[in-house]
Amino acid sequence: MLKNYILVAFRTLRKQPGYSFINVGGLALGLAAALLIGLYVQDELSYEQHFPDADRIYQVGLDARMGAQDFEIGSSAVPMGPTLVADVPEVEIATRVLGPQRQLMEHPGGNGPLFEDGLIWADSTFFEVFPHPTLAGDPTAALAQPNSVVLTRAAAARHFSTRDGLGGIVGRTLRLDQETDYTVGAIVEDFPSSSILQADMVLSLVTILDDMQSIWLSHFMYTYIRLREDADVASVEAAFPRLIEQYVAPEVELFLGTTLDEADAAGTRWSYFLQPLPDLYLQPRGTGQIGPTSDARYVYALAAVALFILLLAGINFTNLSTARSANRAREVGLRKVLGSDRRRLIGQFLGESILMALAAAGVAALLVVLLLPLFETLSGKTLAFTTSGTIGLGGALLGVAVVCGVLAGLYPAFVLSAYEPVTVMKGTLSRGAKSGRLRSVLVVAQFAVSVTLLIGTAVVYQQLQHMQTARLGFEGEQVVTLPVISPEGRGDVERFRQTLEAHPGVASVAATDFLPGRTANTTSFRPSDAPPEDVYVLAAGRVSHDYLETLGVALVAGRTFDPAQPTDSSSAMLLNEAAVREFGWTVEEAIGRQVTQITTDDPIVKTVIGVVEDFHYESLHTRIRPLALDLNAYAARHVAVQVRPDDLPATLAHLETAWTAFEPGYPYSSVFLDEDFQRFYVQERRLGQVFLAFTLLAVFVACLGLFGLASFLAQQRTKEIGVRKVLGASVPSLVQLLAGEFTRLVVIAALLAMPVAYLLMRQWLQSFAYATPMPWWAFVGAGLAALLVAALTVSYQSIRTATTDPVKALRYE
């Protein structure tokens with residue numbers, strides 16, 4: 001029986017190769033696209049799942065309110081980890097992490113220094129909380145010792161020869177920033193890409209811990225805890241108020257000059273929260289996470305696109321299968337006359353449909369293998385076929401194929417098999433009449449999905465374009481940034497500035513530890529005439545005199561730092577407009593006011609000498625935060641150089657020569673400020689490319705099905721067209737007759753899709769602090785594009801049918 005089903009199915013495919021190609025090819029494209037997206041989504045959902053106790057590991061974060069400012073951050077107080085282990089029984093183990101940082105590391109006598117982007121400092125318990133395969137040495141014992149480092153396999157290969165094995169590297173020396181020697185204590189496997197925790201080198205935290213390790217008001221350390229198996233998360237979080245009262249309250253009174261209760265009464269809030277490790281990547285709570293994060297909404301959106309494409313492909317497959325089945329009514333009648341019962345007919349049609357769907361699944365699997373390298377380039381991910389993932393996606397592929405086959409075969413299986421042989425053989429059966437309404441609904445559905453995807457893609461690209469071209473408030477296109485690495489360099493930065501400015505291609509130079517696009521330090525301030533509990537957290541930067549000029553930041557009121565004013569370095573401060581608003585002043589009122597900087601030592605009183613225009617020093621995802629700038633060129637970590645566009649290669653060569661003499665022995669590194677700032681949007685750009693690619697694929701799949709359906713229905717009306725031509729109908733009127741129905745369906749689909757797309761994209765835009773207005777042209781353009789594509793798709797076959805010789809048309813069948 002099965003052999004007969006397969007044989008008849010192949011005969012049917014061979015009889016109408018064009019329709020078979022469209023039917024199988026369209027479903028195969030849809031399945032392949034869904035599989036590729038499935039691999040991407042699977043990778044996004046796999047973060048941190050490789051840790052055996054991931055469900056018991058939590059990150060401690062800070063949730064606070066100071067002044068009128070709410071903030072959540074992923075880091076916490078330095079003593080948090082050890083205190084939780086000692087005071088909260090539910091906490092089994094804790095580890096602290098500082099970094100990652102970009103530092104210079106070299107093996108004395110090796111190939112020279114290299115900049116390492118993935119340096120972190122961690123407690124000795126790090127590899128107990130986050131176990132990695134150990135290749136040599138003992139990482140736990142190594143991190144318990146000062147001046148010890150654990151390398152990954154890749155880092156070991158960069159700095160040492162591995163010809164004699166990794167064990168021979170243990171005990172060797174690496175020098176950090178040409179100053180501090182670290183002994184290699186162990187080598188572990190490279191960190192998996194599916195983790196927010198990324199490092200090439202793990203240095204012992206005990207090496208750099210100082211008096212700050214007991215300060216509860218400094219939050220720059222990432223703390224991770226593992227709970228006991230029977231522990232309740234709520235009971236751990238319930239212990240935080242007690243810890244705040246015991247440890248934080250005394251420091252609040254010491255440094256702020258007010259009790260914690262008084263601060264709370266004034267609106268201050270101080271609390272901590274736990275976030276599960278598996279949630280850090282897709283659902284991070286708080287800013288400043290330890291590594292790059294994503295957004296669960298993007299994953300859900302891509303999964304929705306995959307479902308939409310599957311829906312389109314399934315509709316095409318069902319539509320064409322249903323339309324083709326009407327031509328087999330006589331075959332059904334003949335089979336019944338020859339003795340075939342309904343059960344066998346149902347099995348025949350369902351079997352054929354499922355076999356075609358399985359063939360499409362096989363083609364889809366081949367397409368995935370061929371297209372995977374291109375998709376990896378597009379998405380910026382390396383997508384590996386894991387055993388469990390391959391089984392899951394393969395099972396889903398077969399399941400979807402079988403479901404499509406069953407749905408597509410239901411109509412011919414149960415409707416055609418019920419026809420009476422006499423009615424069919426007389427030719428009085430209407431071809432496809434009962435399925436015409438179903439086909440119309442399916443066409444409307446697939447083009448509604450296509451229009452929704454087109455609108456969504458247009459809005460995404462509009463927002464991405466807005467973020468990349470919006471006025472940032474600083475000029476980064478002609479600004480080159482150079483690092484200041486050594487203490488000697490920081491002490492001689494003024495001479496370096498003068499050397500750079502002597503070149504005619506250099507417009508101005510500024511030294512700073514604060515650049516847009518880089519993580520900003522934060523400091524607590526309060527207006528000097530305000531009560532002690534009125535504390536505000538501001539981003540803080542230390543700059544040289546020419547900072548505003550070099551970066552092109554506008555001065556709104558007052559003056560900037562003046563080299564002729566020696567007191568500026570000790571008592572002057574610039575605020576941005578957001579900080580002035582935060583303090584409740586007007587711009588004019590701010591000039592001359594005094595602000596107290598709260599430190600662990602004596603408070604520092606500064607006078608506001610100027611107000612700068614708000615400029616974006618962080619991603620446009622967040623609102624511009626209050627900022628304070630003071631004069632201190634010797635704290636510089638960067639030198640910003642505004643270059644003139646004339647003879648740029650010569651100017652850049654001068655920068656390299658001057659920097660190499662300024663920081664001898666260090667590898668040269670420079671970047672344009674605007675390019676560096678665009679790192680914020682790398683993920684959005686890649687996702688935009690992925691959305692565009694799959695949206696165009698979805699539209700193509702929809703048009704492919706529409707072309708096949710239009711061709712088939714035009715073929716069914718061949719004799720009708722011949723009669724109309726004989727009676728005087730013109731070609732344009734016939735084209736309008738054939739294409740008009742589909743045009744109406746596409747218009748209906750666009751009208752249904754537009755409000756749905758508006759609601760979805762409005763919600764998406766709300767995640768941006770600076771969102772572009774919803775572009776009206778996206779809706780009009782998507783509707784017109786769908787209408788145009790559909791019209792071109794249908795018109796080709798309509799014109800071909802309308803220009804057929806009437807004699808041949810009347811001989812048809």
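Report the residue count in region 56-74 for those that are open to solvent by 10 Å² or more (accessible area, probe 1.4 Å) and in contact with a strand residue (DSSP E or B) (Cβ under 7 Å, 6 or more places away or on another chain). Can you show your working first?
As a first pass, look at region 56-74 and keep what is open to solvent by 10 Å² or more (accessible area, probe 1.4 Å): 56, 58, 63, 65-73.
Pick out the ones that are also in contact with a strand residue (DSSP E or B) (Cβ under 7 Å, 6 or more places away or on another chain) and you get 56, 58, 63, 65-67, 69, 71-73.
Residues that pass the stated criteria total 10.
Sub-7 Å Cβ pairs linking a first residue in region 163-174 that is free of Cβ contacts under 8 Å to residues at least 24 places away in the same chain and on the phi > 0 side of the Ramachandran plot to a second residue that is outside any helix (DSSP H, G or I) and open to solvent by less than 50 Å² (accessible area, probe 1.4 Å), at least 6 apart or interchain, are 171/184, ordered by first then second residue.
Output the strands (runs of 3 or more DSSP E) that fall wholly within region 118-202 and possess 1 or more residues being among the hydrophobic types (A, V, I, L, M, F, W, C) and surrounded by fewer than 16 Cβ atoms within 10 Å (Cβ to Cβ), or say none.
Working: elements: 134-137, 148-152, 173-176, 180-188.
Counting at least 1 such residues, we get no strands (runs of 3 or more DSSP E) at all.
Could you tell me which residue of region 222-241 is farthest from residue 58 (Cα to Cα), considering only residues that are free of Cβ contacts under 8 Å to residues at least 40 places away in the same chain and surrounded by 15 or more Cβ atoms within 10 Å (Cβ to Cβ)?
Filtering region 222-241 for residues free of Cβ contacts under 8 Å to residues at least 40 places away in the same chain gives 230, 234, 237-238, 240-241.
Within this subset, residues satisfying the condition of being surrounded by 15 or more Cβ atoms within 10 Å (Cβ to Cβ) are 237, 240.
Numbers: 237: 11, 240: 14 Å.
It comes out as 240.
Remark: residue 291 falls outside the filter, which requires a residue to be outside any helix (DSSP H, G or I), modelled with pLDDT under 85 and not polar (S, T, N, Q).
Restricting attention to region 746-784, and to residues there that are under 17 Å from residue 453 (Cβ atoms) and touching a Leu at 6+ places or on another chain (Cβ under 6 Å), which single residue is surrounded by the most Cβ atoms within 10 Å (Cβ to Cβ)? By that ranking, first place goes to 746. With respect to (1) open to solvent by 20 Å² or more (accessible area, probe 1.4 Å); (2) farther than 30 Å from residue 145 by Cα; (3) at pLDDT 90 or above; (4) out of contact with any helix residue (DSSP H, G or I) (no Cβ under 7 Å at 6 or more places or on another chain), the lone exception for residue 244 is condition (1). Which of the residues spanning region 56-86 are within 13 Å of residue 129 (Cβ to Cβ) and not in a strand (DSSP E or B)? Correct list: 56, 81, 84, 85.
Could you check region 512-526 and list, in sequence order, the residues that are of a type in the set (A, V, I, L, M, F, W, C) and either within 33 Å of the chain's Cα centre (by Cα) or at positive phi (or both)?
So the first thing to find is which residues in region 512-526 are of a type in the set (A, V, I, L, M, F, W, C), and the list is 514-515, 520, 525.
Once the filter is applied, which keeps residues that are of a type in the set (A, V, I, L, M, F, W, C) and either within 33 Å of the chain's Cα centre (by Cα) or at positive phi (or both), region 512-526 yields 514, 515, 520.
Taking the condition in contact with a helix residue (DSSP H, G or I) (Cβ under 6 Å, 6 or more places away or on another chain), modelled with pLDDT under 75 and either under 30 Å from residue 299 (Cα atoms) or open to solvent by 30 Å² or more (accessible area, probe 1.4 Å) (or both), does residue 401 pass?
no
Of the set (1) of a type in the set (Asp, Glu); (2) open to solvent by 10 Å² or more (accessible area, probe 1.4 Å); (3) not in a helix (DSSP H, G or I), all apply to residue 43 but (3). Only residues that are of a type in the set (Ser, Thr, Tyr), farther than 26 Å from residue 254 by Cα and over 37 Å from the mean Cα position of the chain (by Cα) were counted in region 559-618, giving 4. Within region 647-672, the only residue that satisfies the criterion of being in contact with a helix residue (DSSP H, G or I) (Cβ under 6 Å, 6 or more places away or on another chain) and of a type in the set (A, V, I, L, M) is 658. The strands (runs of 3 or more DSSP E) located wholly in region 509-622 that include 3 or more residues which are out of contact with any Pro (no Cβ under 9 Å at 6 or more places or on another chain), crowded, with 22+ Cβ neighbours inside 10 Å and modelled with pLDDT of 90 or more occupy 604-612.
Can you tell me which residue in region 470-497 is most open to solvent (accessible area, probe 1.4 Å), limited to those that are over 37 Å from the mean Cα position of the chain (by Cα) and farther than 25 Å from residue 175 by Cβ? Can you show your working first?
Residues of region 470-497 over 37 Å from the mean Cα position of the chain (by Cα): 487-489, 491-497.
Remaining after also requiring farther than 25 Å from residue 175 by Cβ: 494-495, 497.
Working: 494: 60, 495: 125, 497: 16 Å².
Residue satisfying both the conditions and the ranking: 495.
Within region 635-648, the presence of a residue that is part of a loop (DSSP other than H, G, I, E, B), more than 30 Å from the chain's Cα centre (by Cα) and free of Cβ contacts under 8 Å to residues at least 40 places away in the same chain is excluded.
The values are calculated or read from the model by the stated rules, or taken from the named source; none is laboratory data. Predicted model, so just to flag it, every value in this text is computed and none were measured. As a convention, Cβ positions derive from the backbone with ideal geometry for all residues, glycine included, and neighbour counts pool all protein chains shown. Just the protein is used for accessible areas: all its heavy atoms, side chains included, with ligands, DNA and RNA removed. Shrake-Rupley method; radii C 1.70, N 1.55, O 1.52, S 1.80 Å.
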